[in-house]
Amino acid sequence: MTRPIHWQKSSFSGGGDGDSCVELAAVNGDPLLRESDEPDRILPVTHHGLAALLHHLRANRP
């Protein structure tokens, strides 16, 4: 039996954008990303790749 994946929505997903946001989960300690409007398209990422993505997003905030 497979355990369900528990997704966490981005803290920037507020208001009317509830169906269009980035979600993060971990399976066996490995991070996964997906967009809530396409929940079947899951992107496995490395810890280093996720950290680089977050650093880039924070550095280029509007």
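Full extension of the chain between Ala59 and Asp30 gives 8.0 nm of extra length, using 0.36 nm per residue less the Cα-Cα distance. Note on the chain: Cα-Cα pairs beyond 12 Å make up 72% of the total pair count. A protection proxy built from the mean count of other Cβ atoms within 10 Å ranks the segments 48-61, 23-36, most packed first, as 23-36, 48-61.
The length gained on full extension between Ser11 and Ala51, counted as 0.36 nm times the residue separation minus their Cα-Cα distance, comes to 12.8 nm.
Would you work out what percent of the accessible area of the chain, with all protein chains in place, is carbon or sulfur (probe 1.4 Å)? Could you put the intermediate results ahead of the total?
Values: 2890 of 5310 Å².
Carbon and sulfur together cover 54 percent of it.
Whole-Hz Karplus values for segment 45-62 come out as 10, 7, 4, 5, x, 5, 4, 5, 4, 5, 4, 4, 5, 5, 6, 10, 5, x Hz, taken residue by residue from phi with 6.51 cos²θ - 1.76 cosθ + 1.60 and θ = phi - 60°; glycine and proline positions read x.
The values are calculated or read from the model by the stated rules, or taken from the named source; none is laboratory data. Since we're looking at a predicted model, the values are computed, not measured. Virtual Cβ from ideal backbone geometry, glycine too; neighbours counted across all protein chains shown. Quick note on the areas: whole protein, heavy atoms, side chains included, nothing else; ligands and nucleic acids left out. Shrake-Rupley method; radii C 1.70, N 1.55, O 1.52, S 1.80 Å.
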